[in-house]
Structure formats: C-alpha cells, structure tokens
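Presented below is the structure to which this report refers.
The values are calculated or read from the model by the stated rules, or taken from the named source; none is laboratory data. What you see is a predicted model; the values in this text were computed from it and never measured. Note: ideal-geometry Cβ built from the backbone for every residue, glycine included; neighbour counts use all protein chains shown. For accessibility, only protein heavy atoms count, side chains too; no ligands or nucleic acids. Shrake-Rupley method; radii C 1.70, N 1.55, O 1.52, S 1.80 Å.
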Amino acid sequence: MTAPATVSLSRTATGSEVPSAQERAKPRWRTEDPLIGWVSALAITGLAFFMRWWKLGTPHQFSFDETYYAKDAWSMLGNGYVREYVEGADKTILNGSTVDLWKETPSMVVHPEVGKWIIALGEKAFGMDPFGWRIAAAVIGSLMVLLMCRFVRRVTGSTALGLLGGLLLAMDGLQLVLSRLALLDIFLAFFILLGVHCVVADRQWFRERLAKGRTRVLFRPWLLAAGVAFGLAVGTKWTAMFPLAAFGILLTAWNYGARRSFRLRLPLVKALFVDGPVAFASLVLVALVVYVTSWTGWLIHASEYEQSTLSNSQYVTYDGGKAWETASEPDADGLGEVTQSLHSLWDYHRAVYNFHAHFLNDATHVYASKPAGWLLMARPVGVDVQLDIQPKTQGCDAPTGSTCLRQILLLGNPLIWWAGTLALGFAVIRWLGGRDWRFGVAVVGVGSTWLPWMLYDDRPIFLFYAIASLPFLVLGLTLALASIVGSSNVPTPRRTAGVVIAGSYVVLAVIAFAWFWPVWTDQLLTHDEWLRRIWFTKWI
C-alpha cells in the first residue's frame, strides 16, 4: 500500500519553514477575502449587463441569422420542435402578430437545440419581439463576464487579476455584440468556459485529495459539473467537441503530474488506468447523456420528422447527392418507441453532417473569412447597416453634401485581440519552456477552439466564431500583464514601470471600447465619423 504524502512542516538550512505538501496543494485564492472578490466581480457584471441591455430592442428587425434562431426558438416553445414558417413570417412577427406562422412540416435545422431553448426562455418571458429574442444572450453574455472573473481568479490565485480578466472580456466588442443578438455563439462560448473552469477546479480539488493521502479518487464532482457544461456546449454547437477532447487530454497530463509531484508509485499507469476511466465517465459519458437529453423535444416528435422525410421528394442537392438523407422506415420488428426515436435521431445527425460536410463547399458569403486572420480581426462581419441618412433626419448633423449612417459590426476590440495574440505567443513559451500550467490553459483553450476551423476554411465561415477563443486569449493576456508587473509587492523601479505599462494598456483598451461603441450598437454617425473607426478596407 502506498504511504500517504507527508503533511508536516520541515525547515531549510536557514531555519525557515517549508510548506507541507498539503499546504502547497491549497489554491492561493482561498487566502483572500471572498467578499471583496464577489462584490467587485458582481459590480463589473452589472456594468456589463447594463451595456448589453441598453437599447437591446433596436434595430427592430431580424439581424443576420436571427431570422433562423429566433423563429426556431419560438417554434420549439409553441410546438416542442422546429416547424417550417410560412412565407412572410418575418414581416408578420415584426408587425406584432404571431398567429398562423407555421406550416405542418418540421424544419431540418442544422444545429443542436440548447442555444435555441435558451433563446426561447427570453421569448417566453418578454414576447416574440427583438428584445424578447435577444435578452437571453444579454443575460448569458453578462454571466460570462462574472464567470471570467472567477475563472481567472481560480487560475491565478489573484482577485485583482480575476477582476482584470473580467473587465477585459466586458470591454470587447465581439462579446458585446454577440450578447445583443439571438445567435448561438455566445451560449457556446459560455458553456465551454464553464466546462474549462470546472476542469481547472478539479485539478485543484484532486491535488488536495492526494495531499491528504487519498490516492484512489473515484468520485470527482467538479468533473461531473464539467461534463454537464460540455454537454450543453456540444448541445449548442458541435464544435465544442474539440475543447472537450483537448482538455480531456490535458486533464490526463495534470493527473500524471499531480501523482508524480507527490511521489506516488506508478504515476503514469494510475493516471491512465485509475484516473482515466473516472475522467472519461465524468466528462465524456455525462456530456453524452446531457447532449442526448437536450434533444428531448425532437425525440418526442421524431415521428413527424420520419413522416416528413419519407414523403418529401424535394431535396437540396450537392454534386448530385442529397443533403438530407431519407430517415429509416419505422421498424416492423417491435422495437420500442424510445429505441426507434433514438435511431431516427441518429439518421438525422447523419443528414446534418452531410449538410455541413458537403452542401456548403461551393457556397459563398461577402463576410466569409479565413480563420488564419480571425485573431487579428482581419474580416469582421456586418450585421446591419442603414446608409444614406440625410442631414436633419433622425438627428443627423452631417454637413450639406454628406450623409449619416448606422451600423452594427461584429468586430472585437482591436487592442484586446492584437495584444492577446502577442500574449498567446508568450504563453506558448511560458508553458513549454517554463512548464507553467496556467499558460497551458490559455494555449490549449485558444488552440482547441480556433485551430480546428483551419480544416473547414473551404466553406463560408465567419470571424465571430472566434468568440469561443476569446476567454482564453484574455486569460493569456492577463497572465502576460501580470508578468510585466511582477510577483513581488515590494516597490521597485521595475515594478513601478510594470504597473505603468500594464495600467496604461488597460486604460487604452477601455478608451478603444468607447471609441468603437457606436459601430457596435447601431449609433448614428456621420460618414466621416464612421470612416475614422474603419481602420482597414477589409473592415467595410
């Protein structure tokens, strides 16, 4: 039997106390006043919510892909599943009517249902109008800021750095705009961040158990929570499977490192064959159960989809193939209704995969961009624009011969993204060269949410998909700023210079947020004012 790790204090040759293994395992954040951390984080969250709630119902229209997700959510709320809409449904809804909107046939949606169910909660509470279908995104986007404060604090052990990370996230334009639209990506980013936060919490929790001599840990509550979060993330968009896999691998490395640091026997073998099955069940199997459960509305109405695909002879084609494969005939061998519904759901997933894998290959879009340029904000997405607003109308004060305009642009805060990209390179060096696990979280987070898109750059994909990478980019940036300031609290010229540099950067990032605010929130600008914010031709 392996002897438990020592918990007593020892002394160095100089007589100073060396913390025991148990003390070393305790996360530093527990030594700080939790009240200050929570109150400050809630204050930043409140500010973030105000900015996301302000004039949330404007513009009064379906912006970008809201025309799909807002209506799908309303259909799920009323019918339990997504049905096709009648022609002119958008105009009818914007005129205030929600009567006679649906056809009898189900709609073949190409993304899972969790995000749309969350949008539906807002519509249930506030009605089927722009404010109603956007409020859920505003709430989740604001909670993401709170989560970021706690996540960075957990990683770094510093309340101040946690608040800085949350503030930087709140001051980003991509996160702001997606928190003001009924799109799925803000929900995806929130659940991925929540899952990673739980994995990091498990790392600390597991080391505490090892420090107490418990070398066989079969129940890991933080990993169960991570499995639920990742299940909801995959239930929003399939791309969450990449960070789930990446952090599952990183978790295995952490388990090995923890056992090795406490000098336990056979650390690699036990990390793989003792901790591995527990981690797989807690993360992957729990995520799978949550994911399938999120399709409950679809499963209950699986027969509607079966009958629709069996009777429908009109298919969208790609290179002579069918984007929607015919669902299986209902089994005549007496399989249970649940089994048949799950089989139909599998067929449906195959059809959706065919759509993503083949149907979009030849499609084009004016705002499509290559993922290689996403972190540099190479090609933002225009959500809405109202051009040629004449002087003395709508408050336009442009000089004679010029006009005003309004725009919503999915563009991140350049100072955050550009500095974050530089910090990412620094994080790679600190992780691989300095073996600092905190920087590894940032690197793996960005890599697993961004690099997989390189495999799909032959189809229309958009810069705002990088929102899932943003929290980890901000984490890397926060760690880099902390490195510039230094870890010592003793006043020195080096620390003073570091504080000035880091503080000046944060001030500039906030100023940039204020500068770009009008093109993120549909504000009235003269043409010259707008041009001063469009720094590159690809931003048009």
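Given 459, 406, 438, which one is of a type outside the set (Asp, Glu), buried (at least 16 other Cβ atoms within 10 Å of the Cβ) and either in contact with a helix residue (DSSP H, G or I) (Cβ under 6 Å, 6 or more places away or on another chain) or without any contact (Cβ under 8 Å) to a residue 12 or more places away in the chain (or both)?
Values: 459 fails: either in contact with a helix residue (DSSP H, G or I) (Cβ under 6 Å, 6 or more places away or on another chain) or without any contact (Cβ under 8 Å) to a residue 12 or more places away in the chain (or both); 406 fails: either in contact with a helix residue (DSSP H, G or I) (Cβ under 6 Å, 6 or more places away or on another chain) or without any contact (Cβ under 8 Å) to a residue 12 or more places away in the chain (or both).
That would be 438, the only listed residue that is of a type outside the set (Asp, Glu), buried (at least 16 other Cβ atoms within 10 Å of the Cβ) and either in contact with a helix residue (DSSP H, G or I) (Cβ under 6 Å, 6 or more places away or on another chain) or without any contact (Cβ under 8 Å) to a residue 12 or more places away in the chain (or both).
Quick check: is even one residue across the range 159-178 touching a helix residue (DSSP H, G or I) at 6+ places or on another chain (Cβ under 6 Å) and not in a helix (DSSP H, G or I)?
Looking for residues that are touching a helix residue (DSSP H, G or I) at 6+ places or on another chain (Cβ under 6 Å) and not in a helix (DSSP H, G or I), one finds at least one in the range 159-178, hence yes.
Is it true that residue 428 is surrounded by 15 or more Cβ atoms within 10 Å (Cβ to Cβ), modelled with pLDDT of 95 or more and either of a type outside the set (Phe, Trp, Tyr) or in contact with a strand residue (DSSP E or B) (Cβ under 6 Å, 6 or more places away or on another chain) (or both)?
In short, yes.
In the range 385-402, how many residues are within 28 Å of residue 65 (Cα to Cα) and open to solvent by less than 60 Å² (accessible area, probe 1.4 Å)? So that I can check it myself, show each step before the final result.
Looking only at the range 385-402, we keep the residues that are within 28 Å of residue 65 (Cα to Cα), and these are 385-389, 394.
Add one more test, that the residue is open to solvent by less than 60 Å² (accessible area, probe 1.4 Å), and what stays is 389.
Result for the range 385-402: 1.
Sort out which residues of the range 58-75 are over 24 Å from residue 382 (Cβ atoms) and either touching a residue at least 40 places away in the same chain (Cβ under 8 Å) or surrounded by fewer than 17 Cβ atoms within 10 Å (Cβ to Cβ) (or both), and write them in order of number. Explain how you work it out, then say what you get.
Kept after step one, since they are over 24 Å from residue 382 (Cβ atoms), are these residues of the range 58-75: 74-75.
Across the range 58-75, the qualifying residue is only 74.
Against the condition small (Gly, Ala, Ser), open to solvent by 60 Å² or more (accessible area, probe 1.4 Å) and closer than 24 Å to residue 158 by Cβ, how does residue 433 come out, does it pass?
yes
Being out of contact with any Cys (no Cβ under 7 Å at 6 or more places or on another chain) and modelled with pLDDT under 95 is true for just one of 252, 236, 215. Which residue is that?
215
Picking from 522, 528, which residue would you name as being on the phi < 0 side of the Ramachandran plot and acidic (Asp, Glu)? Working first, answer last.
Details: 522 fails: on the phi < 0 side of the Ramachandran plot.
Only one candidate passes the filter, namely 528.
Which condition from (1) closer than 30 Å to residue 509 by Cα; (2) open to solvent by less than 20 Å² (accessible area, probe 1.4 Å) is the one that residue 146 breaks?
Failed condition: (2).
Per-residue answers, yes or no, for (1) part of a helix (DSSP H, G or I); (2) over 17 Å from residue 290 (Cα atoms):
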| position | (1), (2) |
| --- | --- |
| 210 | yes, yes |
| 215 | no, yes |
| 223 | yes, no |
| 226 | yes, no |
| 230 | yes, no |
| 236 | no, no |
| 239 | yes, no |
| 243 | yes, no |
| 247 | yes, yes |
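How many of the residues in the range 471-492 are open to solvent by 10 Å² or more (accessible area, probe 1.4 Å), within 28 Å of the chain's Cα centre (by Cα) and among the polar types (S, T, N, Q)?
The total comes to 1.
What number of residues in the range 517-540 are open to solvent by less than 90 Å² (accessible area, probe 1.4 Å), part of a helix (DSSP H, G or I) and under 17 Å from residue 463 (Cα atoms)?
Matching residues across the range 517-540 total 3.
Is there a residue being modelled with pLDDT of 95 or more, among the polar types (S, T, N, Q) and buried (at least 20 other Cβ atoms within 10 Å of the Cβ) anywhere in the range 44-57?
yes
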